[in-house]
Amino acid sequence: MGFVFFDTETTGLKLGFDQIVHFAAIRTDNELNEVERFEARSRLLPHVVPHPTALKTNGISIGRLTDSSLPSHYAMMRAVRQKLLEWSPSIFVGYNSIRFDEEMLRHALFQTLHSAYLTSNHGNCRADVLSLVMAAAAVTPACLTVPIGAEGRATFRLDQLAVANQVAHPMAHDAMADAEATLGLSRCVYERSSELWQRFVRFSKKATVADFVGSDDGFILTEFFGNEAYHTPVVYIGTVPDQPNARLCLTIDDAIVGAAASDDEQLRLELSRKPCPVRRLRVNAAPTLTALYDASKSMLGGATIEQLEAQARRIKNDTDLCARIVSAYLATREPWPPSRHVEERTHDGFPGPQDEGRMAAFHGASGRVALELVSAFEDERLRALGLRLIYFHARLSLPENIRRDLDRTLTDRLVETDAGGLTLHEALAETDKLLSDGAAADHEDLLTEYRAYLLERIARVTEFRAKHCT
């Protein structure tokens, strides 16, 4: 199984509401030799308002984003999906990808009526090079040169880390250039620390993580906050009923065990302290794990391996204790209300098998047949997204009542602050702020062009709503 190093450039950071406008990926063999590369771009979706900071960062002008010669977002995602399926099974790797690029990709796939979890299915695995380089800095510091930022702290920004390690990166925040830099840093670790690289690859596999977490008598969980690595000896104590990939682990600590043996109030107090003694990890998110026998002294917190293993076994073998702690921890969770925005409901369950068949048929259908398929969806999310796709590509084929409803819904996205995404007026205010504070002097032309676009768009949307959405 080889690797796919990928990156995205987007209109902003808001998952579900911003869009991918540039996707790039490099496929390699197991030794990180390049085999093939792919990239795709799309024009701006009509209801998406780019954040001016995103345009300043990636250098993509509004003129480029609205270029009618570019593929639609739907066409781009069809091409991306086809290529990634062609490259499957692989280990999908990015830089801060688990929290951002993977999520952007999942939302984009789902919003174009595809299964959201391509990089987790089809025999694929996933991992994140940001975690790899931070682990390298913490465990094998000679492996990489980590630059020091203006505040005197280590910085793990991709562009700065690449330069510090002589990895070519001439166009930071270009999707292909960032994918190349991610591959280059991976090669540094691959060549200089085979043990760390093998662990990175090993824990990219969900089944391997699940087996390790459930079977070991304690292990080290490494978490990263503010560019710092924190190593905690933990032991597995249970699962989360409605989250099959979640695992609950307990710090190997006498305090929590004593609290659990006392009354419920004392246990609740112990679980409310920061950091919480219960750690939640996802087996499908490539967590940074180390077996106790592989851990350095600095990771053990002053205890011996034998002490930690003995305490872990005592906790793990006391099933009543584990069940009580899990129950108390889950009771502290605030229920997550369902969103009224379809953009925020990508992870609200899987489409049923009949809807999956309709999703597949939709991509080869047009006109009346496409509308019949969308109308037959049992999942209301798919109905909303399917109608939106037809609206974008064949608006006049929709019945007038549906067309007018979508007119209102999508123009609300542009002007209403509670519609979820960035509004035209908010984008204008942010653009004016960037232009006035002088921090964006190098991008003044790009921002001035964007400002003119926003003013024109506001005028056109206001006129349209006055005529059609009252």
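Inspect all residues belonging to region 149-168 and state whether any of them is farther than 26 Å from residue 296 by Cα, in contact with a Cys (Cβ under 9 Å, 6 or more places away or on another chain) and among the hydrophobic types (A, V, I, L, M, F, W, C). Yes, there is a match, as at least one residue in region 149-168 is farther than 26 Å from residue 296 by Cα, in contact with a Cys (Cβ under 9 Å, 6 or more places away or on another chain) and among the hydrophobic types (A, V, I, L, M, F, W, C). Taking residue 348 as the residue in question, decide whether it is charged (D, E, K, R), assigned to a loop (DSSP other than H, G, I, E, B) and either surrounded by fewer than 14 Cβ atoms within 10 Å (Cβ to Cβ) or out of contact with any Pro (no Cβ under 8 Å at 6 or more places or on another chain) (or both). So residue 348 fits the description; yes. Residue 441 meets the conditions (1) over 17 Å from residue 61 (Cβ atoms); (2) modelled with pLDDT under 90 in every case but one. The failed one is (1). Return a yes/no flag: does region 71-90 have any residue that is modelled with pLDDT under 95, of a type in the set (Gly, Ala, Ser) and over 19 Å from the mean Cα position of the chain (by Cα). No, every residue in region 71-90 fails to be modelled with pLDDT under 95, of a type in the set (Gly, Ala, Ser) and over 19 Å from the mean Cα position of the chain (by Cα). If only residues of region 57-83 that are assigned to a loop (DSSP other than H, G, I, E, B) and of a type in the set (Val, Ile, Thr) are counted, the one that is nearest to residue 43 (Cα to Cα) is 66.
What residue, among those in region 112-127 that are among the small types (Gly, Ala, Ser) and in contact with a Pro (Cβ under 9 Å, 6 or more places away or on another chain), is surrounded by the most Cβ atoms within 10 Å (Cβ to Cβ)?
The residue in question is 115.
When residues in region 213-229 are screened for being over 25 Å from the mean Cα position of the chain (by Cα), within 13 Å of residue 279 (Cβ to Cβ) and either exposed (fewer than 13 other Cβ atoms within 10 Å of the Cβ) or among the aromatic types (Phe, Trp, Tyr) (or both), 1 of them pass. When we screen 35, 93 for residues that are of a type in the set (Val, Ile, Thr), under 30 Å from residue 1 (Cβ atoms), outside any helix (DSSP H, G or I) and free of Cβ contacts under 8 Å to residues at least 40 places away in the same chain, the only hit is 35.
Can you name the condition, by its number, that residue 252 falls short on among (1) in contact (Cβ under 8 Å) with a residue 60 or more places away in the chain; (2) under 26 Å from residue 133 (Cβ atoms); (3) not hydroxyl-bearing (Ser, Thr, Tyr)? With (1) in contact (Cβ under 8 Å) with a residue 60 or more places away in the chain; (2) under 26 Å from residue 133 (Cβ atoms); (3) not hydroxyl-bearing (Ser, Thr, Tyr) applied to residue 252, the lone miss is (2).
Selection of helices (runs of 4 or more DSSP H) fully inside region 115-194 by the criterion of at least 3 residues being under 20 Å from the mean Cα position of the chain (by Cα) and over 30 Å from residue 357 (Cβ atoms) returns 129-139, 175-192.
Suppose we filter 280, 273, 268 for residues that are modelled with pLDDT of 90 or more and assigned by TED's automatic domain parsing to the domain that holds residue 248; which single one remains?
280
The values are calculated or read from the model by the stated rules, or taken from the named source; none is laboratory data. Quick caveat, the model's predicted, so the values are computed rather than measured. Backbone-built Cβ (ideal geometry, glycine too); neighbour counts: all protein chains shown.
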